[in-house]
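Report on the following structure.
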Amino acid sequence: MTTDPTGTLPQPDDSSFIGRRGVLRAGLVGGAATLLAGTAAPGRAIAASEAPAIDTSFADFVLPKINGDDDSLLKIQKKGVIVVGMSDDWPYSFLDPKANNAWAGIDADSITFCCKMLKIPKIDVQTVTFDGLVPGTLAGRFDMVGDSIHYTKARSKIINFSFPNYYYAETLAVAKGNPQKIHKLDDLKGKKAGTLLGTNYAEWLGAIPGVTMQGYKDWQQMMPELALGRVDAVLYDQPVVAAQMKDHPEWKIDMVEDYEPRTFKNPNGYSRYAFRQADIQLVTAFSAALEWMEYNQEMQKILTKWGLVGYNN
């Protein structure tokens, strides 16, 4: 699916995109990667000294000077499209069925704003399961992970992270009334706990001796499994769990009130975007745009739109 952050380019009426599990699906709004490859202007060779363009209508926005030969942002600007990987992950980065499967969410709004600042005219959104986002970026399928992703030591060895964007913590969900008296992660020893594959939560659960970690490729599977008693607890994002509990009171699920999150409100605990380590120009430009958005309260407007309060900024 392709979006146009500048609002000036025509969009194809009918196209295909790579679906959630890597299957090509047709009939959704936007353009496929194959279409973009066929229509992108070849352009000339990019000189190492050429500076990337920015939208000067954003007052006082500048890009830091980068020494070296990397021209990853310039290449994207010349091609006219950035390929963003996401996992259909509400409310962060998802296809909205109420809006003809348009790309939506906190990260969709944030990245679209950044692309306006960086004069990237098109965004090609590709959907995979969460555990495929980093491998897909490393393999060159995506230019960036455009979904909520957090720093971990393991990830930092293979990818580069953007400027911290916004904050939320995890929560521990259990059966209503918490009959198994689960209050902290260590209480899960000898029990079965579910979470999304590829997340830092999966790393945490996998590191606790005696915990049977049930990994899911789709976050929407986890809470119904807890309601059916197939897992003893679910560790996942607090905003998502709270929304699902509100929409499905029949599931009889509680969040553990005295659970203390491991995701602290410091830069390490903030949501970010991920890039290939070699793409220094691209990650630096996105970081500069995000920092400008934070300083000028544009990020706060996006968070407010999606029901997150000032504490999340």
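Tabulated values for the structure
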read-out: Cut-off 20 Å (backbone N to label point 7 Å along Cα→Cβ of E50), residues of the stretch 64-104; value: 64-83
read-out: Cα-Cα pairs of the stretch 157-313 separated by more than 24 Å (percent); value: 41
read-out: Rg to Rh quotient for the stretch 126-204, alpha carbon positions, Kirkwood Rh; value: 1.05
read-out: Tail weight of P(r) past 25 Å, computed on alpha-carbon pairs of the stretch 91-231, percent; value: 37
read-out: Exceeding the 21 Å Cα-Cα cut-off - candidates K116/K217; K78/K119; K78/K157; value: K116/K217; K78/K157
read-out: Packing-based order for 236-244, 159-167, using average beta carbon neighbours within 10 Å, highest first; value: 159-167, 236-244
read-out: Shape of the stretch 204-255, Cα gyration tensor, a/c cut at 1.5; value: prolate
read-out: Accessible area of the stretch 159-288 belonging to carbon and sulfur atoms, whole % at 1.4 Å probe; value: 51
read-out: Heavy-atom accessible area per residue - the stretch 267-313, 1.4 Å, Å²; value: 46
read-out: Largest-first ellipsoid semi-axes for the stretch 256-313, taking √(5λ) over the Cα gyration tensor eigenvalues, angstrom; value: 25, 18, 9
read-out: Average accessible surface area per residue within the stretch 117-181, 1.4 Å rolling probe, Å²; value: 33
read-out: Average accessible surface area per residue within the stretch 61-103, 1.4 Å rolling probe, Å²; value: 48
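The values are calculated or read from the model by the stated rules, or taken from the named source; none is laboratory data. What you are looking at is a predicted structure, and each value in this text was computed from that prediction instead of being measured. Note: ideal-geometry Cβ built from the backbone for every residue, glycine included; neighbour counts use all protein chains shown. The protein model used for the area step is the full one, side chains on, heavy atoms only, and it has no ligands, DNA or RNA in it. Shrake-Rupley method; radii C 1.70, N 1.55, O 1.52, S 1.80 Å.
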